[in-house]
1. Counting helices only, and only those DSSP H runs with n ≥ 4, report the 222 nm mean residue ellipticity of the chain as the sum of -39,500 (n - 2.57) divided by its residues, in deg cm²/dmol to the nearest 500.
2. Kirkwood Rh over alpha-carbon pairs of segment 3-177, then Stokes-Einstein at 10 °C and 1.306 mPa s: what D in µm² s⁻¹, rounded to an integer?
3. Could you give the distance between the Cα centres of segment 140-178 and segment 9-72, to the whole Å?
4. Along the Cα-to-Cβ line of ARG4, 7 Å from the Cα, sits a label point; which residues in segment 40-63 have backbone N less than 20 Å from it?
5. Be a star and scan segment 83-98 for residues whose amide nitrogen sits under 19 Å from the point 7 Å along the Cα-to-Cβ vector of ILE175.
6. Averaged over all directions, how much area does the convex hull of the C-alpha atoms of segment 101-168 cover when projected, in nm²?
7. Could you tell me which trypsin sites (Lys or Arg not before Pro) in segment 1-91 are loop residues by DSSP with no more than 12 other beta carbons within 10 angstrom of their beta carbon?
8. Give the calculated FRET efficiency between ASN50 and LYS120 to the nearest 0.05, with a Förster radius of 35 Å applied to their Cβ-Cβ distance.
Amino acid sequence: MDNRKIIKEWFYENKIPVTDVQIARFINYIELVKDESKRMNLMSKKDLPNIIERHLLDSLHALTVYPFPSGASVADFGSGAGFPGIPIAIACPDVNVTLIESRRLKSLFLKKVIDHLDLKNVKVFHSRLENLTVKFDIVLARAIYKQERLRQMVMPKLSPSGVLLYFAKYKSIKIIEK
C-alpha cells in the first residue's frame, strides 16, 4: 500500500478529518527527513523504512488521546527531526507549535521544513527548554529523558492547566497534568 493511502486510512480509522493538502505535506515532510538523513544524523537509518508507522503515525497518535484545542500553544521539547511537533502542526493548523531544539544543524533542518511546507503555525526555538520564558498549554516529549527528570524540567513551562504528553514508548502516551 502506498504511503498516501496508509496515512489517509489512519485518519479515517481514527475519525479525524484530513485534507489532500495535509496528506501532501505529510508525504513531503517524510521525503525531507529521508533525504536529509543521508547527510546528517536525524534518525537511525534502520528506522527509515518504518518512518510512516513508527514516527509519523506514532506522533499523530497524540490526537487520539488528547484534544488539541484551537489556539493552543504546543511545544515539542527536543524536536530533533520534528517528531511529533511537525505532524501535529500539519494535522492541527489552528494550534501554535514551537519546536525546541538545542542542536544547530537540526534547528536549521526544522526551519527548512517549515519554509518548504509553508507551515505558518510553527516556529523553531534554537536553545534549551530552560531558556524559554513562555508557558505552554501542551508540551510534547518523545524519546528524551526519563519520565521523572522530564517532569521536573517541563512543569515550570506549563500554563496553569497545561499538560505534558510523554511518548513513553511506541503507541504509549502518558498524560501528565500540572
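Read-outs: derived from the displayed coordinates by stated rules, not from any lab. Everything numeric here is computed off the predicted structure, so don't read it as measured data. As a convention, Cβ positions derive from the backbone with ideal geometry for all residues, glycine included, and neighbour counts pool all protein chains shown.
1. Value at 222 nm, helices only, nearest 500: -10500 deg cm²/dmol.
2. Numbers: Rh = 16.1 Å.
It comes out at roughly 99 µm²/s.
3. A separation of 20 Å, based on Cα centres.
4. Hits in segment 40-63 for ARG4 at 20 Å: 51-53, 56-57.
5. Counting backbone N atoms under 19 Å from the label point, the list is 84-85, 88-89, 92, 95-96.
6. Values: hull surface 20.4 nm².
Mean orientational projected area (segment 101-168, Cα hull): 5.1 nm².
7. On the way: sites: ARG4, LYS5, LYS8, LYS15, ARG25, LYS34, LYS38, ARG39, LYS45, LYS46, ARG54; in loops: LYS15, LYS38, ARG39, LYS45, LYS46.
Here the trypsin sites (Lys or Arg not before Pro) that fit, given the DSSP loop and packing criteria, are LYS15, LYS38, ARG39, LYS45, LYS46.
8. Values: r = 30 Å, r/R0 = 0.85.
The value I calculate is 0.70.
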